[in-house]
Amino acid sequence: MFSFADLVHLHFLLNHFPSVGLLVGLGIYILGLLGKSDDLRRAALATFVLIALLGLPAYMTGNVAASAIEKQPGVSKASIEAHEGLALVSLAVLELVGAVAWLGLWQHRRFGRISGATLTTVLILALATFGLMAQTSNIGGEIRHPEILTNKTVISAGIGPFARELSLSFKSLPWGWAAAETIHFIGLCLIMGVTLVLNLRLLGFMKGIAFADLHRLLPWAIVGFAVNTLTGMVFFASSPGNYVPASIELLLYKLIFIVIAGINALYFTVLDDAWKVRAGDDAPGQVKAMAGAAIFLWLAVIYCGSMLPFIGGAF
Amino acid sequence: MQIAIMVGLMAVITVAVIGVICVWIDRSADQNDLAKR
């Protein structure tokens, strides 16, 4: 359904979220810290989680954009590689921001407050991510906009080329891919296990248990998600040619389902609807709908992932 | 053989790290509940 041009276009759309979007989130967050407003802090943390999720398709569609223009005259391959390498480092720190921001939201739900250590860690990581993203965006802009170059040399991307080389060298480890795949499946089991237990309860099974008690299991799923984000990015960053162009469309569908599933997880963490379901209670209709959606979305993620070699022709 | 050992080792390390992180988060929930009582 997506044409090649659509996917390139998508990169130019999505790449504003980790840069401009992060700045907006950072502004709200700093206001929340200065004004000691829990609502503003939570809004900013939810924004960080969402931006961390959108960072994944922003990175992956970048490889499509690169393959579309790298052979065109006047386009510097060195600039593209510098942009790609720095984007990888920026994405890694952005995902950390998303993970710690989610922990903050979980703490607020569980304890009624967010610990000072979590708030400080998010602030430091978000500021570092913004610095990295700004430089990544700058180099990205220079790929196609020579008019903004003050001289003809590409700005040094610092750690970027090193990160790119490191990710590509992963392929040379004889046990690397098998180990990452095994770890990816451990993460998958954690996500799916917790998803089923929590959402089946909300759908009407095991009514003797309050949702708040099962809510303690959520960090296991989030750690599983973090593990899978890491291993998934290792797969993609080390072998983009396995996915682009043949199976990038299916991979994009997988990412769309992941982003919606992430928003679904935010619903259960941020809003009160499910939290109020006590032992013996029947969950309200909208909570049941979200619980059913969660199970569907994760099954769809698994389907798209497992079908990559068959429908998309990856590997 | 080397591949099997390394994959197994990585899997064990991952499970251990996941376990430590999650038990640490869960303990903090316990301590919070106890403090409230």
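Counting neighbouring Cβ atoms within 10 Å and putting the fewest first, the residues A:F111, A:F268 line up as A:F111, A:F268.
Normalised by the number of residues in chain A, the mean separation of alpha-carbon contacts (under 8 Å, six or more apart) gives a relative contact order of 18 percent.
For the range A:47-153, the Kirkwood radius over C-alpha pairs fed into Stokes-Einstein at 37 °C and 0.692 mPa s yields D = 214 µm² per second.
Couplings 3J(HN,Hα) for the range A:42-53, derived from phi with the Karplus relation 6.51 cos²θ - 1.76 cosθ + 1.60 (θ = phi - 60°), are 5, 4, 5, 5, 5, 4, 4, 4, 4, 5, 4, 5 Hz, where x marks Gly and Pro. Summary of packing: across the peptides A:189-195, B:20-26, the per-residue average of other C-beta atoms within 10 Å ranks them, highest first, as A:189-195, B:20-26. Per residue of B:19-27, other chain Cβ atoms within 10 Å of the residue Cβ number 4 on average.
Once divided by 2.2 N^0.38 Å, the Cα radius of gyration of the range A:178-266 becomes 1.28. Among the lysines, which fall within straight-line cross-link reach of B:K36, defined as a Cα-Cα distance under 27 Å, with same-chain neighbours fewer than 8 residues apart omitted? Once the sequence-local lysines are set aside, what remains near B:K36 is A:K36, A:K207, A:K276.
Taken over the range A:33-110, the percentage of Cα pairs per 10 Å bin, counting from 0 up to the bin with the maximum distance, is 17, 35, 23, 16, 8, 1.
Neighbour counts of other Cβ atoms within 10 Å put A:R41, A:R110, A:R216 in the fewest-to-most order A:R216, A:R110, A:R41.
With the convex hull of the Cα atoms taken as the outline of chain A, the averaged projected area works out to 17.3 nm². In the range A:1-168, Cα pairs under 8 Å separated by at least six residues give a relative contact order of 28 percent.
Sorting A:H215, A:H145 by the number of Cβ atoms found within 10 Å of their own Cβ, with the fewest placed first, yields A:H145, A:H215.
Each reported figure results from applying straightforward, stated rules to the coordinates on display, with no laboratory input. Quick caveat, the model's predicted, so the values are computed rather than measured. No Cβ is skipped: glycine too gets one built from the backbone with ideal geometry, and neighbour counts run over all protein chains shown.
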